[in-house]
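To start, the structure under review is shown below, and the notes come after it.
Values in this text are rule-based calculations from the coordinates and carry no lab data. Not measured: the values here are computed from a predicted model. Reconstructed Cβ throughout: ideal geometry from the backbone, glycine too, with neighbour counts over all protein chains shown.
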Amino acid sequence: MPTTRTPIIAGNWKMNSGIKEGIQRCQEIVKHLPETQAEVVVCPPFPHLYPLSEVLKNTNVMLGAQTVHKKASGAYTGDVGAFMVVEAGARWVIIGHSERRQYYGETGADIREKILLAQNNGLTVIFCVGERLEERESNVYLDVITRQMNEVLDPSINFDQLVIAYEPVWSIGTGKTASPEQANEVHMHIRQCINNINGDKTTGEKIRVIYGGSMKPENAAELLAQSDIDGGLIGGASLDAKDFCRIISHAN
Ligand code: PGA
C-alpha cells in the first residue's frame, strides 16, 4: 500500500468474552503491541467500552463499537445510540457487518442512516461489504459489491471518516481466506466505485480499504502486502492478544 494511507488493524470481538477477560486481553495487547505505523482498534461488546476506555487511556489502542442504532435516541428497547458509545470512549464503529445484515435484516437504507448518524457524532465508520459464496461462484461478486456501495454511499457521506472493509461472507469464521489476489481485485474495484460515487478520481485512492475474513498471523503478511489492502478487520484471531499483535506487526 502507498505510505500515504495509514494501515488499520481492527479487532471485532463479536459477542465474546466477559468484561474481566476483555480487560486482561487489552492489558496484554498494550504490553505486546509492536512498533507500528498502524492505527489499532478494538471493537468489544457494548458493556466493555467504558471499562476498556480506562485501560486504554494514553495508549495507542483505540476503541470501537460493533454497531449503533440508526436513530439518535428514543423508545428502542435494547438498543444503543451513537452518542452513548462516544461517551463510553469509542471513536470508531463497525456498520453493516454481514452478521447484522443476516440476523437483524439490516438493509442498505438502515446502514446509510447509521453511517450518517455515526459520522455526525464524530465516529469513524468501518463500513462492511462482501458477497456470499453463491455470488462468488456465479461470478457476480463485483456487481454485488457495486450494489452494496451504491445503495449506501453518496457525496453527502464524509469520506475522511470512512473505511471500507471487504469481508467475503464465505470467508468469515470459516478458515477459508480469500487469496491475496482475490481480495486485491475487489479492493481495487471498491476504489473505483468510490470514485464513481463521489465523482472524482482521488477519493478512491485516499480511502482505506481493509480485508476481513479468517485473517490470522499465518496469512496476514501476504494479504497486507497487496497494493490495495490497507489493513484487516479481524474476528476470531483478535480474541488472542498475541495473535492480534502478530497481525499488527505485519501491517507496516
Ligand atoms: P473472522 O471474522 O476473522 O473470524 O473470519 C471477521 C469478521 O467477521 O469481521
Suppose a student asked you for the relative contact order of the chain, using Cα pairs under 8 Å spaced at least 6 residues apart; what percent would you report?
24
Taking amide H atoms as placed 1.01 Å from N in the peptide plane, list the residues 5 or more away in sequence, or in a different chain, whose amide H sits under 5 Å from that of Gln66.
Ile94
Could you list the square roots of 5 times each eigenvalue of the Cα gyration tensor of the chain, that is, the equivalent ellipsoid semi-axes, sorted largest first and rounded to whole Å?
25, 22, 17
Take the Cβ-Cβ distance between Gln102 and Thr6 as r, set R0 to 51 Å, and report the resulting FRET efficiency rounded to the nearest 0.05.
0.95
Just to check I understand the Karplus step: with θ = phi - 60° and J = 6.51 cos²θ - 1.76 cosθ + 1.60, what whole-Hz values come out for the range 13-28, glycine and proline as x?
6, 6, 9, 10, 6, x, 5, 4, 5, x, 5, 4, 4, 5, 4, 5
Those trypsin sites (Lys or Arg not before Pro) from the range 145-252 that are DSSP loop and have at most 16 other Cβ neighbours within 10 Å turn out to be Lys176, Lys201
What is the gain in length, in nm to one decimal, between Lys201 and Ser73 on full extension, counting 0.36 nm per residue of separation less the C-alpha to C-alpha distance?
42.4 nm
Kindly give Rg over Rh for the range 35-164, based on alpha-carbon atoms, with the Kirkwood expression for the hydrodynamic radius.
1.00
Residue separation times 0.36 nm, minus the C-alpha to C-alpha distance between Asp240 and Ile19: what's the value?
78.1 nm
